[in-house]
Amino acid sequence: RIGPTTVVETAKLLLEAAACEALPRPEGHISEQEKSNEVELAKECRQSLSARGIFPWIRRWLARLASTRRIVVIPSANAVGYFRKKREEERIDPNRDFAFDQINWSKCMQTIAARTINELFRDHIFQHSLTYHAGMVAIAYEWGAPSRNNPKGIPSPDDAAQIELGLGLSNYAGSFHPSKEGYKYPHDSMNDLVYPVHGGMEDWAYGGSWDTDLVKPCNPTTFGGYPESKTIYDNSTLRAFNFLIETSDNKNPLPTVLGTDEDLFGATAGEGNGHISRNVRLAMMMVDTVEPYISVLGAGEVLMPDDIIPLSSRSKKSCKSTHRVSVPNNLSSIEIIWTIGGAFTIDETKVAHGRWEDLPTLDCSTQTSSLDELLSGAIHSNPQSGKSRWSENPSPSQTNIWLSDKVGSEIPYGPIFTETINLENYSLGDTIAVIPYAVVDQDWSKQPENYTPKVPPQSHVVNARTNPDWRYENVGKVVQGRTHWISVS
């Protein structure tokens, strides 16, 4: 089956890349013999990954995702149905078993599948989620409830982001041969592209914490009942983009169309694309876009180490030693090269720089809630802008010959920005902090003329990058909104 295999293969790739990138562990944590052994292991795993098309920058990208996201995988939520090759769990459809827009509130949370997912959502604040099905081909998003389908296909408050994300997922997943089997994913709302359902998981995960007109506690009697309190939600838990992926018209496609790892992470889908490989690509994009990030690639003609290394500890000032370049005293300027991921539109990006002692609150390990306070003593470059590789029309990267010579086309980010910093205002011995930062995806806060209900965008993923006043907490997890994102290392 496509869905279970996809999520297992995605998790495997992320863990392989992260485990490899973590080697060898930093000095001070291991003996000389252990270091020697781990250096050899690092060579072996990197050669093995490269032979499979996971080149160094792709490996680092996957390792970053594994290290900076909390990823929860359920290979087969409806385990009984999967085993029996039936849609239902004990004659109950888990796809209609959630606490949203129900007709009979004693007929929800009846299945172990729904309760399992409910417990996971209650223990986290998920921003993105994918649910894999088969029987048709589609990427579909909210709304999908009958009570949110008048007129038919009326958008949600977060429609702008959902449209752009759906298009991006479709483009990156790509198509494959034969075209009657591997045609490109159509993408639209569930009410338009699929069909409306009562009790759907997707709308529940998106609207269950705020669209309270359609949410009531469930009172099931199956399996000894389920506490009513489990379906009473706070205003933080259920604000996720939960995209429905209908993977294939055929629920049991032939092995010949499942795909391989050939050209798995190319800019466009390669010859090895198939049902599973394109959904691994799709899943990685969904993981990437849950949060924006900025990565410094080089300074002068020095290629910087990746700013996120698995198992490496970070502190507020750790980048002073891990991302340090010595500059000759006769050099009057230096070029900084950076890229931006996790977003579609780079509305504005700049480089700030200044003496470390003039930036007393600078923290290079966590995001800031106040850019003005953090960089009040810094010099700021002129703004630049662009479209990321996830956009339909990505911006070309700025030309840099030495960087191209070193890494070719292997960098899975983009676009690449450059800025030349004037060093004449600094003195010999100065330690200079250089911090690229960006504003992204501000169009996501815009809304169509007609949508329902008439409220501002309600998802965490939209507000986290457009609304500084957005702050929600649940069981120790926090989503804090901001408009500016700085490079952290």
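The values are calculated or read from the model by the stated rules, or taken from the named source; none is laboratory data. Source: prediction; values computed, not measured. Glycine also receives a Cβ, built like all others from the backbone with ideal geometry; neighbour counts cover every protein chain displayed. Protein only, heavy atoms only, side chains kept; ligands, DNA and RNA dropped before computing areas. Shrake-Rupley method; radii C 1.70, N 1.55, O 1.52, S 1.80 Å.
Observations
- Accessible surface of ILE154, taken over heavy atoms with a 1.4 Å probe and every protein chain present, rounds to 10 Å².
- Placing one equal scatterer on every Cα of region 116-231 and applying the Debye formula, the log10 ratio I(q)/I(0) at q = 0.19, 0.23 Å⁻¹ is -1.11, -1.40.
- Estimated dipole of the chain in Debye, rounded to 20 [Cβ of Lys and Arg +1, of Asp and Glu -1, Cα centre]: 1060
- Cα lying deepest toward the dipole's positive end in the chain, options ASN149, LEU428, VAL455, charges on Cβ: ASN149
- Approximate spin-label separation SER31-HIS124, in nm, with each point projected 7 Å along Cα-to-Cβ: 3.9
- Gyration tensor verdict on region 441-489 (Cα atoms; rounded if a/c is under 1.5, prolate if a/b is larger than b/c, oblate otherwise): oblate
- Across all C-alpha atoms in region 9-69, the radius of gyration and Dmax reach 11.9, 34 Å.
- The chain: angle of helix 32-51 to the longest principal axis, Cα-based, in degrees nearest 10: 60
- Along region 156-168 the Karplus relation, 6.51 cos²θ - 1.76 cosθ + 1.60 evaluated at θ = phi - 60°, assigns HN-Hα couplings of 8, x, 10, 4, 4, 5, 5, 4, 5, 5, x, 5, x Hz to successive residues, with x for each Gly and Pro.
- Tail beyond 27 Å, pair distance distribution of region 30-161 (Cα, percent): 46
- Selection from HIS275, ASN219, GLY259, by position along the positive dipole direction of region 203-290 (Cβ): ASN219
- With a threshold of 19 Å on the Cα-Cα distance, the over-threshold entries among LYS12/LYS180; LYS86/LYS251; LYS107/LYS230 are LYS12/LYS180.
- Rounded tilt (10° steps) of 2-21 against the dominant C-alpha axis of the chain: 20
- For the set ASP307, ASP249, the ranking by accessible area, highest first and with no ligand, DNA or RNA atoms included, is ASP249, ASP307 under a 1.4 Å probe.
- Förster radius 41 Å - calculated FRET efficiency between THR366 and TYR82 (Cβ-Cβ, nearest 0.05): 0.50
- Per residue, the convex hull around the alpha carbon atoms of region 60-125 comes to 115 Å³.
- Point-charge dipole on Cβ atoms (K/R +1, D/E -1) for region 112-190, about Cα centre, debye to 20: 240
- Amide H contacts under 5 Å for HIS187, placed H, 5+ residues apart: ILE139
- Once all protein chains are placed together, LYS317 keeps about 80 Å² accessible to a 1.4 angstrom probe.
- Note on GLU301 and LYS43: with the Förster distance fixed at 25 Å, the Cβ-Cβ geometry gives a FRET efficiency of about 0.50.
- Rounded tilt (10° steps) of 112-122 against the dominant C-alpha axis of the chain: 40
- Sorted peptide list for 475-487, 127-139, criterion being average Cβ within 10 angstrom, highest first: 127-139, 475-487
- Annotation for ASP405 and SER427: the two label points, set 7 Å from Cα along the Cα-Cβ direction, are 3.7 nm apart.
- Counting only protein heavy atoms and using a 1.4 Å probe, the accessible area of SER50 comes to about 40 Å².
- Net length gained if the chain between THR116 and LYS320 were fully extended (0.36 nm per residue, minus Cα distance): 69.0 nm
- Matching the structure-derived semi-axes √(5λ) of the Cα gyration tensor in Å against the labelled list (1) 55, 23, 20; (2) 41, 26, 22; (3) 40, 37, 21 gives the label (2).
- What you get for region 237-354, charging only the Cβ of Lys and Arg (+1) and of Asp and Glu (-1), is a dipole of about 680 debye around the Cα centre.
- Accessible-area order (highest first, 1.4 angstrom probe) of the listed residues ARG46, ARG25, ARG278: ARG25, ARG46, ARG278
- Counting charges near GLY377 (Lys, Arg +1; Asp, Glu -1) among other residues having Cβ under 12 Å from its Cβ returns a value of -3.
- Ranking ALA160, GLY174, GLY135 by Cα position along the charge dipole of region 134-190, where only Lys, Arg, Asp and Glu carry charges on their C-beta atoms, puts GLY135 farthest toward the positive end.
- Computed from the C-beta positions of VAL475 and HIS177, the FRET efficiency with R₀ = 41 Å rounds to 0.30.
- Centroid-to-centroid, using Cα positions, region 151-169 and region 1-31 are 33 Å apart.
- Sequence-distant contacts, meaning Cα pairs under 8 Å at least 6 residues apart, place the relative contact order of the chain at 19 percent.
- In a fully extended conformation the segment linking SER312 and ASP261 would gain 15.5 nm over its present Cα-Cα distance, using 0.36 nm per residue.
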